[in-house]
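The values are calculated or read from the model by the stated rules, or taken from the named source; none is laboratory data. Everything numeric here is computed off the predicted structure, so don't read it as measured data. Positions of Cβ are generated from backbone atoms using ideal geometry, with glycine treated the same way; all protein chains shown enter the neighbour counts. The accessibility values were calculated without ligands, DNA or RNA, using every heavy atom of the protein model including side chains. Shrake-Rupley method; radii C 1.70, N 1.55, O 1.52, S 1.80 Å.
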Amino acid sequence: MLTCKEQVARSSDYLDGQLSFRERLMVRHHLMFCPNCRRFIRQMRLMQATLRAMPEEPVVGVDELAERLASEQRKHRD
Ligand SMILES: [Zn+2]
């Protein structure tokens, strides 16, 4: 059985479908018994999905966003 460290090292390849059949089985086997790694894989998958959903170029810069939020807050206070 894989150690957690070995499991983590294979995680992104696992999610990308890059592992061999044998390695995929080993990862699945580990995930069956290890709630920590299950949670880790789930978070990685979420993160990948989020990254894919984001546009290539941010529509607004972080500064502009912060500025906008600040002015929204000012509006609500008045
Ligand atoms: Zn583990």
Every listed condition ((1) at negative phi; (2) at pLDDT 85 or above) holds for Gly17 save (1)
Scanning segment 7-20 for residues that are open to solvent by less than 80 Å² (accessible area, probe 1.4 Å) and without any contact (Cβ under 8 Å) to a residue 24 or more places away in the chain gives Ala9, Arg10, Asp13, Gly17, Leu19, Ser20
Note on Met1: of the conditions (1) aliphatic (A, V, I, L, M); (2) within 16 Å of the ligand (Cβ to nearest atom); (3) out of contact with any His (no Cβ under 8 Å at 6 or more places or on another chain); (4) open to solvent by 100 Å² or more (accessible area, probe 1.4 Å), unmet is (3)
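Which one is nearest to the ligand (Cβ to nearest atom), of the residues in segment 46-64 that are aliphatic (A, V, I, L, M) and open to solvent by less than 100 Å² (accessible area, probe 1.4 Å)?
My answer is Ala49.
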Taking the condition away from the ligand (no atom under 16 Å from the Cβ) and either surrounded by 12 or more Cβ atoms within 10 Å (Cβ to Cβ) or at negative phi (or both), does Gln43 pass?
-> no
Picking from Glu67, Glu23, the residue that is charged (D, E, K, R), open to solvent by less than 100 Å² (accessible area, probe 1.4 Å) and either touching a residue at least 12 places away in the same chain (Cβ under 8 Å) or in a helix (DSSP H, G or I) (or both) would be Glu23
